[in-house]
Each structure stands twice: as C-alpha cells, then as structure tokens.
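First the structure, in the form of structure tokens, and then the observations on it.
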Amino acid sequence: MSERPSHTQIAVALRWDGQGAPKVTAKGRGDTAEKILQLASEHGITLQHEKELVELLVLVELNHEIPQSLYVAIAEIIAFAYSLSGKSPVV
C-alpha cells in the first residue's frame, strides 16, 4: 500500500491588466495545480511560492478580483515580477 503525500500541491494564477485589482484566473489542487505550474513555466511566468498566500487566494472565486486585504501582498509580488523582467508597472 503506497502512502499519499502529506500535502497536496495548490496553485493559483492571477491576471492584472493595470485596471482594478488582479483577478484569479485559474486555481486548483493536485494534478490541476501541477498543470497550472507547468503552463506558467512554459510561458516564462514568474512563480511565487507563498503557501499562506495561496491558501487565501484559492478561496477567491474564479474571475473575481482579489480581496482588498491582499492588495499589498500581491502588489509586492507584481512589482517583484516586473523588476525581474526589466519592466515597470503602469501607474
């Protein structure tokens, strides 16, 4: 009998178009999470590994904006991703 891993992979994808707050565009656990991470990697999308943040984001409905309580955390991640790519966000 094989044992299951003690944790299940969780992934959440966000999209921000410079208007309003970022929206949750994909989310899932297990195989779905792995597919989200694989697609992100294939497309050069910056990944952030913050377990506590992902656990909060997975509660947001698909195509809904993130809650105001997460604005600062997500803004810091977006700014970091932009700096890695040599871009700057439109303000």
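Can you name the residue in region 47-73 that is aliphatic (A, V, I, L, M) and under 23 Å from SER83 (Cβ atoms) and is also modelled with the lowest pLDDT among such residues?
If we take residues in region 47-73 being aliphatic (A, V, I, L, M) and under 23 Å from SER83 (Cβ atoms), then LEU47 is modelled with the lowest pLDDT.
Would you tally the residues in region 8-22 being outside any strand (DSSP E or B) and either on the phi < 0 side of the Ramachandran plot or surrounded by 13 or more Cβ atoms within 10 Å (Cβ to Cβ) (or both)?
Residues that pass the stated criteria total 7.
Quick one: count up the residues across region 42-78 that are farther than 19 Å from GLY30 by Cβ and among the basic types (Lys, Arg).
Qualifying residue count, region 42-78: 0.
Would you pick out the residues in region 74-91 that are among the charged types (D, E, K, R) and at pLDDT below 85?
Passing the criteria: only LYS87.
The values are calculated or read from the model by the stated rules, or taken from the named source; none is laboratory data. Fair warning: this is a prediction, and the values are worked out from it, not measured in the lab. Don't worry about glycine lacking a Cβ; one is built from the backbone with ideal geometry, like all the others, and counts go over all protein chains shown.
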